[in-house]
Amino acid sequence: MMAAGVVLAAVGLDRVVGEPPARLHPVVWVGRLVGPLDRSWPAPRLVGTVGALCLPLLAAAVVALGVGLAGDIEPLAGGVVAALVLFSAVSLRLLCTTAGDVLEQTETDIAGAREALLALAGRDATDLSAGHVRSAAVESAAENLSDGFVAPLAGFAVGSVVASRWLTPVATLAVATAAAAWIKAVNTMDSMVGYRSKPVGWAAARLDDLVMWLPARLTALALSAAMLSPDPLLMGQRWAQTPASPNAGWPMATLAAGLGVRLEKPDHYTLNSVASLPTTTEGHRGVALVGRAGWLAALTTAVIVGV
């Protein structure tokens, strides 16, 4: 029940507080460790592989040690530390707020909307129409729900279920929180260096593809469940492999099917090509569904680890 309480406390803090201050944010600390890798190296793939293997493990080890030591002193203290770590690893409120702000700005300030989109999507928005900016906001909300929310929760759940078979409750909580931190660190590395233009990020990108395989599909399932119908998932799977990413297409295609809109990154992919680009109203509905799916995922995780 401590693990279930940790999940609910973490998502509750995300709802109430939003994000920790940057100076206290563990993800920012991980980013500072990754930053020095992002330069030219004589053997970039080798350096990147060592970094992709070691840095997430370092983050997980520090978290496991912190939760374990606090839990040995007082189990409730271990739960508090675990909740704070998991809170820093998940982000739903900021995601939905940012996507909603971008959608609103497409009605009154397209230049501002293009600039605000950079907080969600790493693409050149200079020439994007209002419809394509709205599409990018909805796509990013769906993809980031998987990467920034469902994935850490899935890691926590898997770590908790597996470790509970052999370890004490305190040790189980430490392993579960470390698993969430490891996944968040993997995704952070990929978001910083996992680009074709950066050979040092090759291993980080491949590891992220592997780690996010299950969360992406669970996110698609959660989105379909949030719409109270299996149809979006069943329809969306026809387009899920259209994007180059083996995972990002699943939540995006499911949301495109559920909203009945076209989601498109020009010159890269089109999901649900027979529909129109989302209106502002449809975009807000998509963001609301992302929020609902996130809460559904959190409650499901709490039940799984609690039982």
*Look at L299 and say whether it is assigned to a helix (DSSP H, G or I), under 20 Å from the mean Cα position of the chain (by Cα), at pLDDT 95 or above and surrounded by 18 or more Cβ atoms within 10 Å (Cβ to Cβ).*
no
*Residues being within 18 Å of the chain's Cα centre (by Cα) and either free of Cβ contacts under 8 Å to residues at least 40 places away in the same chain or assigned to a helix (DSSP H, G or I) (or both) - total across segment 77-104*: 15
*Subset of segment 20-67 (residues that are under 29 Å from R93 (Cβ atoms) and not in a helix (DSSP H, G or I))*: P20, P21, H25, D38
*asked:* Quick test for you: out of S129, S135, S140, pick the one residue that is among the polar types (S, T, N, Q) and within 27 Å of L207 (Cβ to Cβ).
replied: S140
*Considering only segment 1-19, state which residues are hydrophobic (A, V, I, L, M, F, W, C), touching a residue at least 40 places away in the same chain (Cβ under 8 Å) and assigned to a helix (DSSP H, G or I).*
M2, A3, A4, V6, V7, L8, A9, A10, V11, L13
*What single numbered condition from (1) without any contact (Cβ under 8 Å) to a residue 40 or more places away in the chain; (2) surrounded by 14 or more Cβ atoms within 10 Å (Cβ to Cβ); (3) more than 24 Å from A141 (Cα to Cα) fails to hold for E74?*
(2)
_Looking at segment 243-291 only, could you name the residues that are under 16 Å from the mean Cα position of the chain (by Cα) and either surrounded by fewer than 16 Cβ atoms within 10 Å (Cβ to Cβ) or without any contact (Cβ under 8 Å) to a residue 12 or more places away in the chain (or both)?_
P246
*In the set V158, V186, which member is at pLDDT 95 or above, within 21 Å of A89 (Cβ to Cβ) and within 12 Å of the chain's Cα centre (by Cα)?*
V186
*So, of the residues in segment 189-231 that are of a type in the set (D, E, K, R) and buried (at least 20 other Cβ atoms within 10 Å of the Cβ), which turns out to be farthest from S245 (Cα to Cα)?*
D190
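The values are calculated or read from the model by the stated rules, or taken from the named source; none is laboratory data. For clarity, every value in this text was computed on a predicted model and none was experimentally measured. When we count neighbours, we look across all protein chains shown, and the Cβ atoms used for this are built from the backbone with ideal geometry, even at glycine.
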